[in-house]
1. Are any residues in the stretch 117-147 in a strand (DSSP E or B) and either surrounded by fewer than 16 Cβ atoms within 10 Å (Cβ to Cβ) or in contact with a Phe, Trp or Tyr (Cβ under 9 Å, 6 or more places away or on another chain) (or both), and if so, which ones?
2. Restricting to the stretch 74-92, count the residues that are over 21 Å from Gln147 (Cα atoms) and either buried (at least 17 other Cβ atoms within 10 Å of the Cβ) or of a type in the set (D, E, K, R) (or both).
3. Take Ile18 and decide whether it is assigned to a helix (DSSP H, G or I), among the aliphatic types (A, V, I, L, M) and more than 22 Å from Gly92 (Cα to Cα).
4. Do we have Gly72 as among the small types (Gly, Ala, Ser), assigned to a helix (DSSP H, G or I) and under 24 Å from Leu39 (Cβ atoms) here?
5. Go through the stretch 104-122 residue by residue and tally those that are within 18 Å of the chain's Cα centre (by Cα) and either in contact (Cβ under 8 Å) with a residue 60 or more places away in the chain or at positive phi (or both).
6. Give the number of residues within the stretch 23-55 that are free of Cβ contacts under 8 Å to residues at least 12 places away in the same chain and within 24 Å of Lys98 (Cβ to Cβ).
Amino acid sequence: MKIRAFKLSDIIDVAELISATYKTFNKNEGSKKAVEQYLEYYNPKNNFDRIKEKFLKSSIFFVAEENGKIIGVARGTESKLVNLFVEGKLHGQGIGQKLMEKYERKATTLGSKVIKLNASMYAVPFYKKIGYQKSTGIRNLFGLKVQPMKKYLN
């Protein structure tokens with residue numbers, strides 16, 4: 001497995017990974033309508049141009065790749081993680097942790113002192129394990145339950 005910078009040719013694979021993983025692990029973390037809207041947002045068949053535009057605005061964007069297949073993604077800015085997804089059958093193998101280590105190193109080089117994120121309920125234990133702390137109570141974000149978290153970088 002290698003972690004590399006995102007390339008434009010990755011758009012569809014990344015969007016499909018996000019959708020498939022979210023559908024499997026997060027489908028009960030909000031209203032049915034909100035979950036459907038999230039999945040539709042990352043549907044490359046209907047929203048390719050919008051996804052491309054959002055992805056290109058990310059100052060930090062890494063993918064984990066194995067045998068030419070994208071199996072994980074970490075994307076955001078120097079101060080806010082937007083997406084962290086790893087293919088479901090590969091959870092617990094350290095891929096998310098490696099993606100976050102690379103993400104945090106890059107954020108540090110860009111001058112960040114803290115990373116904030118809105119964790120899904122499913123992901124809260126993972127983020128706690130790698131040093132993130134809850135910063136407020138659970139919030140409703142467009143009908144989805146999220147746990148705001150942050151980590152101060154060294």
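1. Leu117, Ala119, Ser120, Gln133, Lys134, Arg139, Asn140, Leu141, Leu144, Gln147
2. Total meeting the criteria: 2.
3. So Ile18 fails the test.
4. No; evaluated as a whole, the condition is false for this residue.
5. Of the residues in the stretch 104-122, 3 are within 18 Å of the chain's Cα centre (by Cα) and either in contact (Cβ under 8 Å) with a residue 60 or more places away in the chain or at positive phi (or both).
6. The total comes to 1.
Since every read-out is calculated from the coordinates, none of them should be taken as a lab result. Keep in mind that what you see is a predicted model, and the values were worked out from it rather than measured. Every residue, glycine as well, gets a Cβ built from its backbone with ideal geometry; the counts of neighbours run over all protein chains shown.
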